[in-house]
Amino acid sequence: MNRPSQSNYTREAIKGIASTTLQTNLRSFQERLGQGAMRMWVELADPEKRRRVKASRMRTLDHLDIILASLAEKVRARGGRVYFAETAQDASDYILAVARKNQVKRVVKGKSMTSIEIGVDPVLEAAGIEVVETDLGEYIVQLAGEPPSHIIAPCIHLDRRQIGRLFADQLGIDYSEDPPTLTRAARHALREKLLSAEMGLTGCNLACAETGQISLVSNEGNIRMATTMPPVHVAVMGMERVVATMAEHRETLQLLTRGAVLQKISTYVSFVGGPADTPGETREFHLVIVDNGRSKILADPEFREVLACIRCGACLNICPVYGKIGGHAYASAYCGPIGAVVSPLLEGINKHADLCKGETLCGACKEVCPVENDLPRMLSALRHKLAYGSDQWDTRQMNPAEAFAFRLWRHLVTRPALYRAGLRLAALLQRPFIGKNRMISRMVGPAAGWTDSRDLPPIARQSFAARWRQKHPPTPDVAKKTAENSGEEKV
Amino acid sequence: MANTTVSLFIQCLVDSMFPEVGEAMVTLFDRLGIPCRFPPDQTCCGQPAFNSGYRREAADAARHFIAVFEDAEVIVCPSGSCVHMVRHAYPLLFADEPAMLARAEAVAARTFELSQYLVDQLGLVEVGASYHGTVTYHDSCHLSRGLGVIDQPRQLLKGVEGLTLIEMRDSDTCCGFGGTFSVNYPEISTAMVDTKIDNILASGAGAVVGCDISCLMNILGRLSRRGEPVQVLHLAQVLAGAGQGGGQ
Ligand code: SF4
């Protein structure tokens, strides 16, 4: 199955498929959370809730500039600072400047995908600042030097033996594969970091414009410590992560924790509303609101909907493609169905062409999504950009040969006589490939993609159309018209 | 309703590779006394182009389809994904062409998948078929999630004399076909169809039945390569069988 020109997506996918650990973990995760979420939506006491939240998300997007301005005003009124970052670079530069000004040597992080998107960790590290993840899963992948492979379960590709070895190597503890022992070791190591860090860096699950506060959900309590113990707290948010009112906040949060882990509410919800008022200590709170390509998505009615996403990760838990390949194949901060749509839009459609093409459009993601985001529709729209190229999206035509093939196809399917002749020709050409079992087991060129692992039934000697015609000879005047058009064999 | 002449919309894959499925549909309609016709100029609904992003080409295929089927009373197709294409993609393709959009919507409203037509339109669940054996049913994505057709095929199968339906695990999980996806990403596609096949085998059924030949072709192709003896049948083939016992 090793064809010469494998893309990174395919290579990583093959690795994922070959990993027993990943397959076992993904399967049980998907069974529990993905299928659990499907059942939960059916049983939801208030079935209109999802539609209401979606409507409020879309409404917020329609007035995003005003709502963000009011968020910024409220945060500033509470003594926080707000920075609007146009690009990933701007955001990272700002965070580095805050760290430098406060002579930060160690940063503790709460889990944040936006921080991965803007690439701030390497920027801080290059400046000699230590960056430590405090979410257990993120901490594990950080120790392993790997990217996370699931939005809420970053180390889903590792098993406890691998984690045991990693901890023995990196934390200098005795090898153990007992989860409580490992958790205790991590907690011990992290507590030290949390106590000594000068800056906490987190994401933001939701920001509320009405109150000027951000909220963060966690089940480990690490977020609470990372946001309150260090004197400086920087939160990074994608600019769409805002809700207008506290009422909307409540319902959106309910869907977020349900979609993510079937919880009515997470163990901790931390509301951060500006720097704490600690006598004798200067404390700072910075909110970095990141655009980094979101304005462009917002401006395109075909894709605006993707900004309604509340990053719960439910679509990863149901997607049959993600369930096989895992998160690393997506080579981006965002993986799974949501990543397949948002990564090309943020980082380039050509760059992530495989993410646009590498799904079956089965629709499970749309069904499980708490806000019913139509990801399959948007994947199809992305393919449309790749098919012809798009100036608006700076996208080149992906595959001129494929484009030519479809032009030829159009020529055939709109000319029945030619189409029928083409089928008969194909039936002839395939003959040498048909095996004893009446199946084609080997094809060449791109079609080998099918026959490398599957047999293909051949084109029938007589099509349905031909059989029908044989049994229902057309009446003379119809015959004349049909003979002109269909080129059907007279049998 | 039963006197309405059905225009057969035979999916291109059925026409060229599985003509027996189309014939089974005709046998079934004949037995039920439903008159049918086959507009000979039909080719392909345009789905392959649409799913690959080639919307101009798909729109031309759609124009052709609409011209061919415009005068049909009712259009019935043995494939959920083709019906999904006509119902849900055509309106998108002609969103900026009001005249075409109206024609497309008129045709879409009269286009049904086979089980949908029999159960929802004709109110039939027993069609006088018999099949002696166990079968399991695969839900095709565009049929189940796209068109909401989940119970209809099951009701029809339960109405078949001698047939026992055994549900497989995750019957509605994608089989990994996905059109050109199956050829462009064969490793992922194969991993997916392998899981589907494992579930089919675990059900213990002697045959897997579906309503979309594309999925069935994928399942059949992998079953054949793995050398598994499970039979693959389109719903129409089961419903056409009258008293011949198991098999086609
Ligand atoms: S697209 Fe929907 S399911 Fe996926 S992460 Fe976003 S909100 Fe959750």
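Being within 12 Å of B:Pro153 (Cβ to Cβ) and either in a strand (DSSP E or B) or under 16 Å from the mean Cα position of the chain (by Cα) (or both) is the filter here, so list the residues in segment B:110-128 that pass it. Once the filter is applied, which keeps residues that are within 12 Å of B:Pro153 (Cβ to Cβ) and either in a strand (DSSP E or B) or under 16 Å from the mean Cα position of the chain (by Cα) (or both), segment B:110-128 yields B:Glu113, B:Leu114, B:Ser115, B:Gln116, B:Tyr117, B:Leu118, B:Val119, B:Asp120. The residues on offer are A:Glu372, A:Glu402, and the sole one that is under 21 Å from B:Leu93 (Cα atoms) and either open to solvent by 20 Å² or more (accessible area, probe 1.4 Å) or in contact (Cβ under 8 Å) with a residue 40 or more places away in the chain (or both) is A:Glu402. Can you find a residue in segment B:201-223 that is open to solvent by 50 Å² or more (accessible area, probe 1.4 Å) and within 11 Å of another protein chain (Cβ to nearest Cβ)? The answer is no, given that none of the residues of segment B:201-223 is open to solvent by 50 Å² or more (accessible area, probe 1.4 Å) and within 11 Å of another protein chain (Cβ to nearest Cβ). Under 7 Å between Cβ atoms, at least 6 apart or on separate chains: pull out the pairs that start in segment A:249-262 with a residue that is closer than 16 Å to A:Gly34 by Cβ and open to solvent by 50 Å² or more (accessible area, probe 1.4 Å) and end on any residue that is assigned to a helix (DSSP H, G or I) and within 10 Å of the ligand (Cβ to nearest atom). Filtered contacts from segment A:249-262: A:Leu262/A:Ala37. Return the residues of segment B:228-248 that are at pLDDT 95 or above, open to solvent by 40 Å² or more (accessible area, probe 1.4 Å) and either in contact with a helix residue (DSSP H, G or I) (Cβ under 7 Å, 6 or more places away or on another chain) or closer than 24 Å to B:Tyr185 by Cβ (or both); say none if nothing qualifies. Scanning segment B:228-248 gives a single hit, B:Glu228. Going through (1) closer than 21 Å to B:Ala191 by Cβ; (2) small (Gly, Ala, Ser); (3) away from the ligand (no atom under 14 Å from the Cβ) one by one, A:Gly327 falls short only on (3).
Being under 17 Å from B:Arg55 (Cα atoms), within 16 Å of the ligand (Cβ to nearest atom) and either more than 11 Å from chain B (Cβ to nearest Cβ) or not acidic (Asp, Glu) (or both): is that true of A:Leu408 here? So A:Leu408 does not fit the description; no. Scanning segment B:184-200 for residues that are closer than 21 Å to A:Asn437 by Cβ and within 7 Å of chain A (Cβ to nearest Cβ), we see that the one that is surrounded by the most Cβ atoms within 10 Å (Cβ to Cβ) is B:Thr190. Exactly one residue among B:Glu97, B:Glu57 is acidic (Asp, Glu), farther than 24 Å from B:Ile150 by Cα and open to solvent by less than 30 Å² (accessible area, probe 1.4 Å), and that residue is B:Glu57. Count of segment A:37-62 residues, restricted to those that are without any contact (Cβ under 8 Å) to a residue 40 or more places away in the chain and within 18 Å of A:Leu307 (Cα to Cα), is 2. Scanning segment B:36-61 for residues that are facing chain A (nearest Cβ under 10 Å) and assigned to a helix (DSSP H, G or I) turns up B:Pro48, B:Ala49, B:Phe50, B:Asn51, B:Arg55, B:Arg56, B:Glu57, B:Ala58, B:Ala59, B:Asp60, B:Ala61.
The residues of segment A:273-315 that are assigned to a loop (DSSP other than H, G, I, E, B), more than 16 Å from the ligand (Cβ to nearest atom) and in contact with a Pro (Cβ under 8 Å, 6 or more places away or on another chain), listed by number, are A:Glu281, A:Thr282, A:Arg283.
Against the list (1) out of contact with any Lys or Arg (no Cβ under 8 Å at 6 or more places or on another chain); (2) open to solvent by less than 50 Å² (accessible area, probe 1.4 Å), the condition A:Ala364 fails is (1). Considering segment A:333-377, the residues that are of a type in the set (Ser, Thr, Tyr) and within 14 Å of the ligand (Cβ to nearest atom) include one that is farthest from A:Asp46 (Cα to Cα), namely A:Ser343.
For segment A:199-212, the count of residues that are over 27 Å from A:Val82 (Cβ atoms) and not polar (S, T, N, Q) is zero. Checked against the criterion of being within 30 Å of A:Pro301 (Cα to Cα) and in contact with a Lys or Arg (Cβ under 8 Å, 6 or more places away or on another chain), the candidates A:Ala88, A:Ala37 yield just one match: A:Ala37. B:Val21 - would you say it is touching a residue at least 12 places away in the same chain (Cβ under 8 Å), more than 7 Å from chain A (Cβ to nearest Cβ) and assigned to a helix (DSSP H, G or I)? Judged against the criteria, B:Val21 is a match. Taking the criterion of being away from chain B (no Cβ under 12 Å) and part of a loop (DSSP other than H, G, I, E, B), the residues of segment A:338-371 that qualify are A:Gly348, A:Asn350, A:Lys351, A:His352, A:Cys369, A:Pro370, A:Val371.
Please pick out the residue among A:Ile67, A:Ile14 that is in contact with a Ser or Thr (Cβ under 8 Å, 6 or more places away or on another chain) and either away from chain B (no Cβ under 14 Å) or open to solvent by 30 Å² or more (accessible area, probe 1.4 Å) (or both). Exactly one of A:Ile67, A:Ile14 is in contact with a Ser or Thr (Cβ under 8 Å, 6 or more places away or on another chain) and either away from chain B (no Cβ under 14 Å) or open to solvent by 30 Å² or more (accessible area, probe 1.4 Å) (or both), namely A:Ile67.
The number of residues in segment A:240-272 being in contact with a His (Cβ under 9 Å, 6 or more places away or on another chain) and within 15 Å of the ligand (Cβ to nearest atom) comes to 1. Among the numbered conditions (1) in contact with a strand residue (DSSP E or B) (Cβ under 9 Å, 6 or more places away or on another chain); (2) outside any loop (DSSP other than H, G, I, E, B); (3) within 12 Å of another protein chain (Cβ to nearest Cβ), the only one that B:His132 does not meet is (3).
Scan segment A:422-444 for residues that are open to solvent by less than 50 Å² (accessible area, probe 1.4 Å) and either at the interface with another protein chain (Cβ under 7 Å from one of its Cβ atoms) or part of a helix (DSSP H, G or I) (or both) and jot them down. Selection gives A:Gly422, A:Leu423, A:Ala426, A:Ala427, A:Met439.
Would you confirm whether or not segment B:135-151 contains a residue that is touching a strand residue (DSSP E or B) at 6+ places or on another chain (Cβ under 8 Å), open to solvent by 10 Å² or more (accessible area, probe 1.4 Å) and modelled with pLDDT of 95 or more? Yes: segment B:135-151 contains one or more residues that are touching a strand residue (DSSP E or B) at 6+ places or on another chain (Cβ under 8 Å), open to solvent by 10 Å² or more (accessible area, probe 1.4 Å) and modelled with pLDDT of 95 or more. It is to be established whether one or more residues within segment B:65-79 are at the interface with chain A (Cβ under 8 Å from one of its Cβ atoms), open to solvent by 10 Å² or more (accessible area, probe 1.4 Å) and modelled with pLDDT of 95 or more. Looking for residues that are at the interface with chain A (Cβ under 8 Å from one of its Cβ atoms), open to solvent by 10 Å² or more (accessible area, probe 1.4 Å) and modelled with pLDDT of 95 or more, one finds none in segment B:65-79, hence no.
For B:Val26, state whether it is under 30 Å from A:Leu428 (Cα atoms) and touching a residue at least 24 places away in the same chain (Cβ under 8 Å). Taking the combined requirement at face value, the residue does not satisfy it. Of the helices (runs of 4 or more DSSP H) contained entirely in segment A:156-235, those carrying at least 1 residues that are among the hydrophobic types (A, V, I, L, M, F, W, C), without any contact (Cβ under 8 Å) to a residue 60 or more places away in the chain and surrounded by fewer than 21 Cβ atoms within 10 Å (Cβ to Cβ) fall at A:160-171, A:179-196.
The values are calculated or read from the model by the stated rules, or taken from the named source; none is laboratory data. Treat the numbers as computed from the prediction; the structure is a model and nothing was measured. All Cβ positions, glycine included, derive from the backbone under ideal geometry; neighbour counts span all protein chains shown. All accessible areas refer to the heavy atoms of the entire protein, side chains included, with ligands and DNA or RNA removed. Shrake-Rupley method; radii C 1.70, N 1.55, O 1.52, S 1.80 Å.
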